[in-house]
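For reference, the structure discussed in these notes is given below.
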Amino acid sequence: MRTDIRGPQSLGLGGQTPSSVPDLEQLASAAVPLGFLPSPEDYTGHYVQLASRANAPATTGIVVACDGGLDVLGLADLELQTPHRSRYSRSAP
């Protein structure tokens, strides 16, 4: 996402931000299935709804996948080097 969060100072990346990556918008648009680079504001609707007593009074906890569609393609689990498995599966890894 487009943000000014900083990299780890201990690795010398304290001045690096995702927003400072050249052509970040173009790179993300090509790589993310939804075709755009989200901004922090694109995520707030979920949190506002879940925090609302009027809109989610019976909700006690939930995981909202905000990955731009990577999970649909099976790319969210690549770092695990395992076949794609739904995050909602009750089977052991």
- Query: Fully extended, how many nm does the chain gain between L13 and V63 (0.36 nm per residue separation, minus their Cα-Cα distance)?
  - Reply: 15.0 nm
- Task: Let me have the relative contact order for the range 9-80, percent, based on Cα pairs under 8 Å that are six or more residues apart.
- Result: 23 percent
- Item | Viscosity 0.890 mPa s, temperature 25 °C, Stokes-Einstein D of the range 9-80 from Kirkwood C-alpha radius, µm²/s | 163 µm²/s
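Read-outs: derived from the displayed coordinates by stated rules, not from any lab. Remember, predicted model here, so these are calculated numbers, not experimental data.
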